[in-house]
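Laboratory data are not the source of any read-out in this text; all were calculated from the coordinates shown. None of the values given here were measured: they were computed from a predicted structure. Virtual Cβ from ideal backbone geometry, glycine too; neighbours counted across all protein chains shown.
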Amino acid sequence: MSNLNMADPTVTSRPASVRKPGRDIGPSVLGRGAARAVIVALLIGFALLFLYPFVWLVSASLKPKSDVFDNKLIPDTIKWSNYKEVFDQLPLLHWMFNSVAIAFLAAAFVAISSSVVAFGFAYFRFPFRNTLFGIVLGTMMLPTSVTMIPTYLIWKNLGFLNTWVPLFGGNLFGSAFYIFLQRQFFLGLPRELFEAARIDGSSYWGLFWRIAMPLARPSFIIVFLFEFQAAWNNLQGSLIYLNGGTAEGFTVPLGISYAMTKYAPGNGGQGDYQYVMVAALIVTIPLLLLFAAGQRYFIEGVATQGRKG
């Protein structure tokens, strides 16, 4: 009787390999969880590593003169008066105004001029277009040290030494890297939009200003932010063209360098480097706020490039 039951085709048995879903956690799931935990731990570690200099700067700015260069992140004595005294010791507001004005002009000029040139290379079809674009990109191969002396002689002969003009005037002619960056954005725009606008009677300037620029706004803002940071941190240009003037005419990087020399004991200073730390912290905050405000445009720019693929 038992043999008949075993041979009965109506009797079915569940294979041993078939299990109810959701009951067991497979090794692949555990592996993915462990890998994610490792990645998160690495990201947190690198974030702390990069944040350490900033935290140290904040701590040093709150210390008295004798404790500035110890390695304690929590000061034994907090001296809030450093933030008040720094404005009596250094013309910090003048430096920040000069840097903001110069950086804004440099960023605005290079963003606009590079956009115009990039749109020309992206939209118009003319002989030797690719050759000319290759020449523009080839200028990126020239080291700054090669063009430094000729550029200085040009500004000297024009009578612009000890003025702001050399620090932003060259940006009126665009930048090869920014031209390349914005050209890639313009090439991703549908050409049918421009053809329809031309049929409606739009001028070439209208194509650029009313269609191309609004659609390529992320690239424009990215270029503006990059150049603003570059102009803000431009110690070499300020050292060459502004070093002959008064301290009130310095930019932020040149002013910080001036403060380091002023307080150096070897130059007759008293070692009041806490004021240098306060000044360095204060002049860092505007850039942090600027990039925090423009972060979404970086993400939008990356997403736009991804959609092109």
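Most exposed first by the Cβ proxy, i.e. fewest other Cβ within 10 Å, how do Thr144, Thr251 rank? Present the calculation step by step, with values, prior to reporting the outcome.
Numbers: Thr144 9, Thr251 30.
Final ranking by Cβ density, sparse to dense: Thr144, Thr251.
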#### Entry: Integer Hz, Karplus 6.51/-1.76/1.60 couplings in order for segment 38-48, x for Gly and Pro
5, 5, 4, 5, 5, 4, 5, x, 5, 4, 5
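Report the charge-dipole magnitude of the chain in Debye, nearest 20, computed about the Cα centre from +1 at each Lys and Arg Cβ and -1 at each Asp and Glu Cβ. Can you show the working numbers first?
Details: 23 positive and 14 negative charges, 202 e Å.
So the magnitude is around 980 debye.
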### Message
Give me the one-decimal nm value for the distance between modelled label points at Ile154 and Lys65, 7 Å along each residue's Cα-to-Cβ direction.
### Response
4.6 nm
### Query
Karplus couplings for segment 120-130 from phi (6.51 cos²θ - 1.76 cosθ + 1.60, θ = phi - 60°), rounded to Hz, Gly and Pro as x?
x, 5, 7, 9, 7, 10, 8, x, 6, 4, 5
## Note on the structure
Which residues qualify? For Phe250, with a placed amide H closer than 5 Å and at least 5 residues away or on another chain, they are none
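Can you give the longest stretch of the chain with no exposed loop site, where a site means trypsin sites (Lys or Arg not before Pro) in a DSSP loop (not H, G, I, E or B) with at most 10 other C-beta atoms within 10 Å? List each step's numbers first, then the result.
On the way: sites that count: Arg19, Arg23, Arg125.
The segment 126-309 is the longest one with no such site.
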### Message
So if each residue of separation counts as 0.36 nm, and I subtract the Cα-Cα distance between Leu48 and Val100, what length gain in nm does that give?
### Response
15.8 nm
### In range of the label at Thr77: residues from segment 266-296 whose backbone nitrogen is under 20 Å from the point 7 Å along Cα→Cβ
270-279
### Summary
Longest principal axis of the chain (C-alpha) makes with the long axis of helix 144-157 (C-alpha) an angle, in degrees to the nearest 10, of 40 degrees
### Task
Considering only Val55, Val223, Val283, give the residue with the highest GNM mean-square fluctuation for the chain, with springs between Cα atoms whenever their separation is below 10 Å.
Val55
### Query
Using alpha carbon centroids, what distance separates segment 78-114 and segment 124-203, in Å?
27 Å
### Only Lys, Arg (+1) and Asp, Glu (-1) charged, at Cβ; segment 50-169 dipole about Cα centre in debye
380 debye
